[in-house]
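Peer 1: Encoded as structure tokens, here's the structure I'll be asking about.
The values are calculated or read from the model by the stated rules, or taken from the named source; none is laboratory data. Everything numeric here is computed off the predicted structure, so don't read it as measured data. Here the Cβ positions follow ideal geometry from the backbone for every residue, glycine too, while neighbour counts run over all protein chains shown.
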Amino acid sequence: MAEAKKGGFFKSDSFRMFIGKYGIGVVLVIMMVFISISEPAFLKPANLISVATQVSINGLLCYGLTLAIVTLGIDLSVGAQLALTSVIIAKCIQNGIPGMLAIVIGLAIATLFGLLMGTLIAKFNMFAFVVTLAMQLVIRGLAQVVSGGKAIAITDPFYKGIYTSRIIGIPVPIFIFIVVTLVMYFMLHWTKLGRYIFAVGGNVNAAIASGISKDRTLISVYVISGFLAGLAAVIYSSKVQSGQSNFGMAYETDAIAAAVLGGTSFAGGIATIPGDVLGIFIIGFIYNGMNMIGVSSYFQTIVKGAVIIGAVMLDMAMNRKNH
């Protein structure tokens with residue numbers, strides 16, 4: 001009570017705890033109410049399912065970015081990884097390789113690039129920003145070489161049906177997103193690898209002193225990020241029924257925005273998968289809502305940038321209060 005009188009409710013520890021736990025959920029609810037008032041069709045089941053299907057792509061990328069940010073790194077290559085994987089899969093199918101085998105090949109190559117970046121970052125102590133930015137250029141360049149700078153049409157019926165098919169009544173992209181979300185939640189919050197990831201991001205020297213392998217942990221993070229970028233490419237290329245070298249341009253910004261909105265801290269060692277899910281849907285609803293009420297795509301980009309700045313400022317304020 002004395003604390004509330006001295007600093008006011010909005011400066012109290014209880015308020016900060018409430019914002020830390022439920023703030024992102026409150027923002028999501030308020031935003032949905034505001035958009036639904038402006039456009040009643042927003043809350044119709046068909047639109048909500050459409051949004052969930054679309055955000056599954058950004059969601060997979062967001063989980064990879066979350067792991068990187070937790071360890072005080074970043075992965076700026078995810079958009080390029082998406083493009084290259086789509087091109088490789090499309091090229092394989094064009095050459096008569098069955099859709100499922102083409103997916104395996106595409107995912108394997110995306111995972112190998114994640115392994116390469118993780119090795120450069122962990123073994124050679126290179127900055128993640130520099131490595132992933134450079135590899136973004138290399139990977140997108142390879143996508144252009146493989147595709148010849150042209151779109152490669154995907155004709156395989158099985159592959160084309162991934163985006164539109166359903167499993168137990170759930171659209172396949174949503175089903176994949178749900179499964180990956182559950183796996184990521186279990187891995188990050190209930191396994192030894194998850195504890196190592198948080199430990200390396202929270203205090204790398206203490207983690208090493210306690211016997212944790214920093215190198216293996218960082219390599220694992222970028223391997224997972226590469227694999228998830230490849231999986232996002234499967235969904236996206238099935239949606240547009242082609243592979244193109246210009247896919248995924250600036251997709252890393254949406255993924256970063258969702259991660260930071262979900263409470264992933266650039267200070268390292270802090271993240272939650274449920275928070276990521278809320279951040280992913282906030283980004284998805286922002287785009288969907290603004291499209292429905294007729295907001296220009298130019299303003300949507302401005303809003304996205306403002307959202308990222310606001311989320312980082314909130315993260316800095318919360319961390320400052322907690323230390």
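Peer 1: Got a number for residues in segment 201-224 being in contact with a Leu (Cβ under 8 Å, 6 or more places away or on another chain) and surrounded by 21 or more Cβ atoms within 10 Å (Cβ to Cβ)?
Peer 2: 8
Peer 1: Inside segment 154-175, can you point out the residues that are surrounded by fewer than 19 Cβ atoms within 10 Å (Cβ to Cβ), out of contact with any helix residue (DSSP H, G or I) (no Cβ under 7 Å at 6 or more places or on another chain) and either within 21 Å of residue 284 (Cα to Cα) or small (Gly, Ala, Ser) (or both)?
Peer 2: 161, 164, 169, 170, 175
Peer 1: I'm told residue 181 meets every condition in (1) more than 16 Å from residue 68 (Cα to Cα); (2) surrounded by fewer than 19 Cβ atoms within 10 Å (Cβ to Cβ); (3) of a type outside the set (Phe, Trp, Tyr) except one. Can you identify the failing condition by its number?
Peer 2: Evaluating residue 181 over (1) more than 16 Å from residue 68 (Cα to Cα); (2) surrounded by fewer than 19 Cβ atoms within 10 Å (Cβ to Cβ); (3) of a type outside the set (Phe, Trp, Tyr) leaves (2) as the failure.
Peer 1: Moving to a separate point now. For residues that are assigned to a helix (DSSP H, G or I) and either charged (D, E, K, R) or surrounded by fewer than 18 Cβ atoms within 10 Å (Cβ to Cβ) (or both), scanning just segment 117-128, find the one that is nearest to the chain's Cα centre (by Cα).
Peer 2: Looking at residues that are assigned to a helix (DSSP H, G or I) and either charged (D, E, K, R) or surrounded by fewer than 18 Cβ atoms within 10 Å (Cβ to Cβ) (or both), I get 119.
Peer 1: So which pairs qualify, if the first residue must be in segment 227-248 and closer than 22 Å to residue 50 by Cβ, the second must be among the basic types (Lys, Arg) and assigned to a helix (DSSP H, G or I), the Cβ gap must be under 6 Å, and the two must be at least 6 apart or on different chains?
Peer 2: That search, which allows pairs on different chains as well, returns 241/160.
Peer 1: Another question, if that's okay. I'd like to know if segment 185-204 contains one or more residues that are in a helix (DSSP H, G or I), modelled with pLDDT of 95 or more and in contact with a Phe, Trp or Tyr (Cβ under 6 Å, 6 or more places away or on another chain).
Peer 2: no
Peer 1: So residue 116 fits all but one of (1) touching a residue at least 40 places away in the same chain (Cβ under 8 Å); (2) of a type outside the set (Lys, Arg); (3) touching a Gly at 6+ places or on another chain (Cβ under 9 Å); what number is the exception?
Peer 2: (1)
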